[in-house]
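Bear in mind these aren't lab numbers, they're just calculated from the coordinates by the rules spelled out. None of the values given here were measured: they were computed from a predicted structure. Every residue, glycine among them, receives a Cβ derived from its backbone with ideal geometry; neighbour counts consider all protein chains shown.
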Amino acid sequence: MPLGYSYKTKDETRIARAQLHEINASYKDLSQVCRNINGMEIPEAVSLLESAKLGEVPIRYEKFNKKCGHRKELGGKRGRYPKKSARILLEVLRNAIANAHHKGLGEKLFVRHASANKQNIYPRIASKGRANRSDYETAKVEIVLEELK
């Protein structure tokens, strides 16, 4: 297993984590959705992701926002509607909530850490000797929940 990007803490008894690897989605979109739910309490984060999954609420893009439109709902800030990324993150968040309940953590949980990174790049070469190459990039997502004190 590669070293590096995982969240580390001293007290593992108060946190619950969930990860998903080899995701066929844009890691840039995933990272911006993670940035928006970071620090939120669980009901608030779940409602945001469910609304974003349906395309009702835009997600603010603070990075990777070239040629990105401004949204009235965000107060004129740049944003998009990443439905696929919201659906994937909602799945991982529900998994982390289930892990927290299995561990016996309380009902008052918040998102301590949410991140997405690029994982692997697989070259895809066109057939019949063509010089076209399009890379297939995968991503990984990690969500850590912590119990409120």
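Inside the stretch 45-75, residues that are under 20 Å from the mean Cα position of the chain (by Cα), part of a helix (DSSP H, G or I), surrounded by fewer than 18 Cβ atoms within 10 Å (Cβ to Cβ) and of a type outside the set (S, T, N, Q) make up a count of 3. Among the residues making up the stretch 97-119, those that are under 20 Å from residue 30 (Cβ atoms) and out of contact with any Asp or Glu (no Cβ under 9 Å at 6 or more places or on another chain) are 97, 99. Here 134, 115, 127 are screened, and the one residue that is hydroxyl-bearing (Ser, Thr, Tyr) and touching a residue at least 24 places away in the same chain (Cβ under 8 Å) is 115.
Every condition in (1) buried (at least 19 other Cβ atoms within 10 Å of the Cβ); (2) assigned to a loop (DSSP other than H, G, I, E, B) is met by residue 33 except one, and the failing one is (2).
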